[in-house]
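Trainee: Take a look at the following structure, please.
What follows draws every value from the coordinates through simple rules; no lab data is involved. None of these values were measured; they are calculated from a predicted model. Note that we place each Cβ from the backbone using ideal geometry, even for glycine, and neighbour counts take in every protein chain shown.
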Amino acid sequence: KELPSMSRPEMSTSEKLTPYEDVVRYNNFYEFGTGKDDPARYAGEMSVSPWTVKVDGACGRPGTYNLEDLLQPSQYEERIYRLRCVEAWSMVIPWVGVPLAGLLKRFEPASSARYVYFETLHDPEQMRGQRSLFSTIDWPYREGLRVDEAMNELAFLAVGLYGRELPNQNGAPLRLVVPWKYGFKSIKSIVRIRFQEERPKTTWELIAPQEYGFYANVNPEVDHPRWSQKRERRLPSGLLSPNWRETVKFNGYGEQVSHLYKGMDLEKFY
Amino acid sequence: MAGAVLNRPRAVRAFKVLVAFMAFLPLAILLSRLVGSGLGPDPGQQITESLGIAAFQLLLATLALTPLKRWTGWVGWLRVRRMLGLFTFFYAVLHLLAFLQFILGWGDVWATFTKRPYIIAGFLAFVLLIPLAVTSTNSMMRRLGRRWKTLHRSVYVIVLLAWVHFFWQARSDIGEMLAYGVVVLVLLVVRVRWSRLLRAGRRGAPSA
């Protein structure tokens, strides 16, 4: 289904787009398997309508909302963002959606709310990866942001890409996009939003805290213990031209977000 | 009798050809996917991974031959052992080259091979394979005599290193790694049992 939207060139990169086929065929979405092509193969087993999002915690308007009541299609924007995966590859994707801040404000977050917590659907019947006996993930998939990060103008909730509804493997019907952080922060198929005082434990931090931190800001100066983060392969990558590029701090969005981390030791808060 | 037919030189030779063909399959499949662009947007990653898995599987196959000979009594299994060992080395070389070319892009080589534990394990396994490949010829076997066998026992260390190299790359789902681990364990345990039985037999003691 087509999704009309206003383009936001001032919020977009003019870099060459990663082709649609690659964006929808090469995914990490462990709910459907750990292979890159598993999500494209199996995400169809998930039903995304009707869809509800439970909002709770420190806010004035908690409740369970139907997705369509949360979204006003007339206000959809298109933003072309870089996506840098922690595995050292990257893509350029035209997302369609709404700024996260606008949506969160409608729930009237309390002043005590310092963090926003997100959860992905947990339904082993529709998500075969959650049925795996050997997965070390404690489902559901959890993510979180500091409230000031969530209110940053770059933080985005996507409902589509390339002008169409999100394919399930890309996190339909609603996913986060935080382009200055590694891709795993951009949680997919969101069913829960909670405002809270204490910092939430996030999925990858729970699995391997020495490898994945809460912040997960793109940072070429801090290596992943198993590989360097200095460079990335911009996909599609060819055999003769691997398409290497230098990774940029905050994925090139430093101007918009570096003030959020002023005075913080980013080697410690990786 | 079937056994007699299987022991004919022609049958053993046919078996060798069949095994060689199978050992080439991972490479052939990779090349065909490459030509058909079935490798996706990050082909280098796919190639590196597939070559590594192929090397590991061939190593396990090589280690399975002696037990198979014991259990079935057929000598054909041992006739393909050197070949499979060399195929293992062949895929390991390609895997290493692919890693350097596609994953590292020849940058940070020193840091990567000294700092990253999973790389160190894999590289050690590779380095230990070199003397085994070099001493795989008949003349080397003659020249080394008894020491040849001792040297080639390092394959047990290699298979453990290779498995650790694989296991340390697990992100969240360790099912596949555990399955391979069970195979490694079985291949090692049967050997420990044999050597115990052998020692007990030499001492003339009744086996317990």
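Trainee: Of the options B:A54, B:P43, B:I29, report the single residue whose Cα projects farthest towards the positive end of the charge dipole of the stretch B:2-202 (beta-carbon charges: Lys, Arg +1; Asp, Glu -1).
Mentor: Of the listed residues, the answer is B:A54.
Trainee: Residues in the stretch A:51-86, backbone N under 20 Å from the label point at A:K16 (7 Å along the Cα-to-beta-carbon vector): list them, ranges by number please.
Mentor: A:80-85
Trainee: When the label point is put 7 Å from the Cα of A:E197 along its Cα-to-beta-carbon vector, which residues of the stretch A:20-61 have a backbone N closer than 16 Å?
Mentor: The answer is A:57-60.
Trainee: Right, something else. Given a Förster distance of 60 angstrom, what is the FRET efficiency for B:V93 paired with A:R61, based on the Cβ-Cβ distance and rounded to 0.05?
Mentor: 0.45
Trainee: Using alpha carbons only, how many angstrom separate the centre of the stretch A:211-246 from the centre of the stretch A:1-77?
Mentor: 24 Å
Trainee: What's the average, rounded to a whole number, of partner chain beta-carbon atoms within 10 Å of each residue's beta-carbon in B:95-102?
Mentor: Average per residue, whole number: 1.
Trainee: Going Cα to Cα from A:K230, which lysines come in below 27 Å? Please leave out same-chain ones fewer than 8 positions away.
Mentor: A:K16, A:K36, A:K181, A:K185, A:K188, A:K201, A:K249, A:K262, A:K268, B:K115
Trainee: If you stretched the chain out fully between B:K69 and B:L197, how much longer would it get, using 0.36 nm times the residue separation minus the C-alpha to C-alpha distance? Walk me through the numbers on the way to the answer.
Mentor: Working: separation 128, 0.36 × 128 = 46.08 nm, distance 1.69 nm.
Full extension of this stretch gives 44.4 nm more.
Trainee: Grab the other residues whose beta carbon is less than 9 angstrom from that of B:R79, score K and R as +1, D and E as -1, and report the net.
Mentor: +4
Trainee: Give, to the nearest whole percent, the P(r) tail of chain A beyond 24 angstrom, counting all Cα pairs.
Mentor: In whole percent, the share of Cα-Cα pairs in chain A beyond 24 Å is 47.
Trainee: Output wanted: per-residue J couplings in Hz (rounded whole) for the stretch A:203-210, from phi through Karplus 6.51 cos²θ - 1.76 cosθ + 1.60, θ = phi - 60°, x for Gly and Pro.
Mentor: 4, 6, 5, 5, 6, 8, x, 6
Trainee: How big is the charge dipole of the protein assembly as shown about its Cα centre, in debye rounded to the nearest 20, if each Lys and Arg gets +1 on its Cβ and each Asp and Glu gets -1 on its Cβ?
Mentor: 3940 debye
Trainee: Related question: Taking every Cα atom in the stretch A:18-98, find the radius of gyration and the maximum pairwise distance Dmax, and write them in Å.
Mentor: Considering the stretch A:18-98 through its Cα atoms, Rg and Dmax are 15.9, 42 Å.
Trainee: Quick one: which residues, 5 or more positions from A:L161 or on another chain, have an amide H under 5 Å from its amide H? H modelled 1.01 Å from N in the peptide plane, none for Pro or chain starts.
Mentor: A:V96, A:L166
Trainee: Right, something else. Could you please rank B:F126, B:F113, placing first whichever residue has the fewest other Cβ atoms within 10 Å of its Cβ?
Mentor: Final ranking by Cβ density, sparse to dense: B:F113, B:F126.
Trainee: Using a simple spin-label model with points 7 Å from Cα along the Cα→Cβ vector, what separation in nm is obtained for A:A110 and B:A133?
Mentor: 6.5 nm
Trainee: Which order do peptides A:218-231, A:142-155 fall in by mean Cβ count within 10 Å, highest first?
Mentor: A:142-155, A:218-231
Trainee: Moving on. Using the Karplus curve 6.51 cos²θ - 1.76 cosθ + 1.60 with θ = phi - 60°, work out ³J(HN,Hα) for each residue of the stretch B:25-32 in order, rounded to whole Hz, and write x for Gly and Pro.
Mentor: Working through the residues one at a time gives 3, x, 5, 4, 5, 4, 5, 5 Hz.
Trainee: On to the next question. Starting from the 7 Å offset along Cα-to-Cβ, what nm value, one decimal, do you get for the label separation of A:T136 and A:E211?
Mentor: Each label point is offset 7 Å from its Cα along the Cβ direction, giving 0.6 nm.
Trainee: I've got another one for you. Quick one: what do you get for chain B if you divide its Cα Rg by 2.2 N^0.38 Å? It would help to have the intermediate numbers written out before the result.
Mentor: On the way: Rg = 19.3 Å, N = 208, 2.2 N^0.38 = 16.7 Å.
Here the Cα radius of gyration is 1.15 times the empirical estimate.
Trainee: How crowded by other chains is A:130-136, given as the mean number of beta carbons from other chains within 10 Å of each beta carbon?
Mentor: 4
Trainee: Skipping prolines and chain starts, which residues have an amide H placed within reach, meaning under 5 Å, of the one on A:L121, given they are 5 or more residues away or on another chain?
Mentor: Under 5 Å from the amide H of A:L121 lie the amide H atoms of A:V191, each far enough along the sequence or on another chain.
Trainee: Using a Gaussian network model of chain B with C-alpha springs under 10 Å, which one of B:F24, B:F56, B:F87 is most mobile by mean-square fluctuation?
Mentor: Ranking B:F24, B:F56, B:F87 by mean-square fluctuation puts B:F24 first.
Trainee: Which ³J(HN,Hα) values in Hz, rounded to whole numbers, follow from the phi angles of the stretch B:157-174 under the Karplus curve 6.51 cos²θ - 1.76 cosθ + 1.60, where θ = phi - 60° and Gly and Pro get x?
Mentor: So the J values, rounded to whole Hz, are 5, 4, 5, 5, 4, 4, 5, 4, 4, 6, 5, 5, 9, 4, 9, 9, 10, 9.
Trainee: Which one, A:D38, A:D69, A:D123, has the greatest fluctuation when you compute a Gaussian network model over chain A with C-alpha springs under 10 angstrom?
Mentor: A:D69
Trainee: Per residue of B:88-94, what is the mean number of Cβ atoms on other protein chains within 10 angstrom of that residue's Cβ?
Mentor: For peptide B:88-94, the averaged partner shielding equals 0.
Trainee: With chain A treated as a Gaussian network of Cα nodes joined by springs under 10 Å, which of A:I137, A:I193, A:I93 yields the largest mean-square fluctuation?
Mentor: In the Gaussian network model the winner is A:I137.
Trainee: Quick check: pseudo-label points 7 Å beyond the Cα along Cα→Cβ at B:L34 and A:Q72, how many nm apart are they?
Mentor: Each label point lies 7 Å from its Cα, and together they span 5.5 nm.
Trainee: Could you compute the FRET efficiency for B:L160 and A:S258, with r as their C-beta to C-beta distance and R0 at 51 Å, rounded to 0.05?
Mentor: The computed FRET efficiency comes out at 0.65.
Trainee: Give me the number: length gained by fully extending B:W110 to B:L151, i.e. 0.36 nm times residue separation minus the C-alpha to C-alpha distance, one decimal in nm.
Mentor: Working: separation 41, 0.36 × 41 = 14.76 nm, distance 2.81 nm.
So the chain would gain 11.9 nm between B:W110 and B:L151.
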